[in-house]
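Enquirer: Take a look at this one; I'll ask things after.
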Amino acid sequence: MFDIRKIQEQIIYGAVKSALNDETAKEIVFGKDEQARAEDNPTWVKSTMKRLEDRFDESEVKAIRMQCQCGYGMNEKLELIKELLEASSGMEEFGNLNKAKAAGLFCERGELFLQFLFCPCPMLAEVERLDTYTWCQCTTGYSKVLFEKAFECEVDVELLKSIKAGDEICLMKIIPKGVIWK
């Protein structure tokens with residue numbers, strides 16, 4: 001069995017180190033004098049995000065967290081999106097396919113959305129509620145990578161709602177920056 005906490009520590013450490021330096025990465029992930037190593041997962045998630053938010057501005061936090069996506073199940077999801085692309089000739093048709101809807105995709109007024117009716121993140125299983133969307137920005141990074149591979153163009157992803165932050169669903173807007181259907 002893999003240790004999701006260790007994986008997240010390594011991913012966040014690498015993203016912060018890349019953005020600034022080793023010392024800051026160590027302090028964000030493990031806290032002052034490495035006190036966060038003893039925290040349980042829910043406490044660690046919240047305290048790590050607080051340290052990240054205290055050290056970086058909002059756009060930097062989002063960029064760092066977008067790099068922290070786990071990539072779990074990416075190939076299967078990519079296959080599904082490619083199948084949906086082949087079965088459609090435009091965004092409305094794509095988002096209205098039954099398989100798209102079953103996967104949480106939908107199109108409204110020509111815009112593509114992805115929703116989850118539950119939180120899919122194993123690190124948040126024991127977290128009652130998050131104070132901000134910071135932790136959940138990793139899923140925007142995951143979705144960006146996924147849809148860029150499938151659409152073969154740049155994609156922006158906006159996190160609009162998060163169950164763990166008190167919303168009724170998790171909701172992202174997927175914004176392709178290029179032509180998908182030729």
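The values are calculated or read from the model by the stated rules, or taken from the named source; none is laboratory data. Quantities reported herein were computed from a predicted structural model and do not represent experimental measurements. A quick note on method: Cβ atoms are made from the backbone with ideal geometry, for glycine too, and the neighbour counts reach across all protein chains shown.
Enquirer: Tell me which residues, restricted to the range 95-111, are more than 22 Å from the chain's Cα centre (by Cα) and in a helix (DSSP H, G or I). Walk me through it before giving the result.
Expert: Looking only at the range 95-111, we keep the residues that are more than 22 Å from the chain's Cα centre (by Cα), and these are 96-98, 109-110.
Across the range 95-111, the qualifying residues are N96, N98.
Enquirer: Next question, about the same structure. Consider F56 carefully, then state whether it is surrounded by 14 or more Cβ atoms within 10 Å (Cβ to Cβ), at pLDDT 95 or above and touching a strand residue (DSSP E or B) at 6+ places or on another chain (Cβ under 8 Å).
Expert: On the way: surrounded by 14 or more Cβ atoms within 10 Å (Cβ to Cβ): yes; at pLDDT 95 or above: yes; touching a strand residue (DSSP E or B) at 6+ places or on another chain (Cβ under 8 Å): no.
No.
Enquirer: Further question: Which residues, counting only those in the range 1-22, are out of contact with any helix residue (DSSP H, G or I) (no Cβ under 7 Å at 6 or more places or on another chain) and within 18 Å of E60 (Cα to Cα)?
Expert: So the first thing to find is which residues in the range 1-22 are out of contact with any helix residue (DSSP H, G or I) (no Cβ under 7 Å at 6 or more places or on another chain), and the list is 1-3, 6-7, 10-11, 14, 18, 20-22.
Correct list: I11, G14, S18, L20, N21, D22.
Enquirer: Those residues that are modelled with pLDDT of 95 or more and buried (at least 17 other Cβ atoms within 10 Å of the Cβ), I need them from the range 63-76; list them, please.
Expert: Selection gives I64, R65, M66.
Enquirer: Being closer than 30 Å to N21 by Cβ and charged (D, E, K, R) is the filter here, so list the residues in the range 55-113 that pass it.
Expert: Taking the range 55-113 and keeping what is closer than 30 Å to N21 by Cβ, we get 55-72, 74.
Within the range 55-113, R55, D57, E58, E60, K62, R65 meet the criteria.
Enquirer: Another question about this same structure. In the range 112-159, which residues are in a strand (DSSP E or B) and under 15 Å from the mean Cα position of the chain (by Cα)?
Expert: Passing the criteria: F113, L114, Q115, F116, V155, D156, V157, E158, L159.
Enquirer: What's the number of the only condition in (1) part of a loop (DSSP other than H, G, I, E, B); (2) modelled with pLDDT of 95 or more; (3) not small (G, A, S) that K17 fails to meet?
Expert: (1)
Each row is one residue, and each column tells you yes or no for (1) within 30 Å of D40 (Cβ to Cβ); (2) surrounded by 14 or more Cβ atoms within 10 Å (Cβ to Cβ).
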site	(1), (2)
E79	no, no
G95	no, yes
C107	no, yes
D131	yes, no
E154	no, no
V179	no, no
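Enquirer: If you check every pair at least six apart or on different chains, which have Cβ atoms under 8 Å apart with a residue in the range 122-142 that is closer than 24 Å to M74 by Cα first and a residue that is modelled with pLDDT of 95 or more and of a type in the set (S, T, Y) second?
Expert: Y133/S162; C136/S162
Enquirer: From K77, K82, K32, which residue is free of Cβ contacts under 8 Å to residues at least 24 places away in the same chain and of a type outside the set (A, V, I, L, M)? Even if it seems obvious, please write down each step before you answer.
Expert: Details: K77 fails: free of Cβ contacts under 8 Å to residues at least 24 places away in the same chain; K82 fails: free of Cβ contacts under 8 Å to residues at least 24 places away in the same chain.
Criteria check complete, one pass: K32.
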